[in-house]
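Asks: Once you've had a glance at the structure underneath, I'll fire off some questions.
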Amino acid sequence: MARTSHLEKAGFGRAAVRGAVASGRIVKSSRGVYAIPAANPLQQAMNRGGLLTCVSAAPVYGLWTLKSDPALHICRSHPGRTPGVVEHGRPRSEARLASCCGPGRRPAA
């Protein structure tokens with residue numbers, strides 16, 4: 001991943017960055033942040049500023065699923081509408097999980 005300022009210092013102007021995004025050589029992860037396209041779901045989630053979750057995360061943990069989904073399942077602080085992405089809300093902090101999900105408690109739906 002690289003910030004716009006790092007790309008400019010390396011000699012890539014705004015037009016070159018726009019051209020690289022348009023051609024698919026790099027992807028815009030978030031405002032001012034660019035990355036190389038990735039086939040790995042974990043990298044794809046990171047490129048979109050999120051955390052891998054649900055059926056997309058299951059193989060990472062060695063879990064099996066009844067059905068697979070070609071869409072990328074993620075949660076991120078600022079959900080958006082991205083084609084091919086299923087949003088699963090905002091990530092919870094560990095402190096919040098501990099306070100609401102202590103022994104014998106379940107997370108609120």
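Asks: Can you confirm whether the range 37-60 contains a residue that is touching a residue at least 40 places away in the same chain (Cβ under 8 Å) and either over 19 Å from Val85 (Cα atoms) or surrounded by fewer than 14 Cβ atoms within 10 Å (Cβ to Cβ) (or both)?
Replies: Taking every residue of the range 37-60 in turn, none turns out to be touching a residue at least 40 places away in the same chain (Cβ under 8 Å) and either over 19 Å from Val85 (Cα atoms) or surrounded by fewer than 14 Cβ atoms within 10 Å (Cβ to Cβ) (or both).
Asks: Looking at the range 65-80, can you tell me whether even one residue there is outside any loop (DSSP other than H, G, I, E, B), surrounded by fewer than 11 Cβ atoms within 10 Å (Cβ to Cβ) and free of Cβ contacts under 8 Å to residues at least 60 places away in the same chain?
Replies: There is no residue in the range 65-80 that is outside any loop (DSSP other than H, G, I, E, B), surrounded by fewer than 11 Cβ atoms within 10 Å (Cβ to Cβ) and free of Cβ contacts under 8 Å to residues at least 60 places away in the same chain.
Rule-based calculations on the coordinates, nothing more; no lab input. Quantities reported herein were computed from a predicted structural model and do not represent experimental measurements. In this analysis, Cβ positions are derived from the backbone assuming ideal geometry, glycine residues included, and neighbour counts consider all displayed protein chains.
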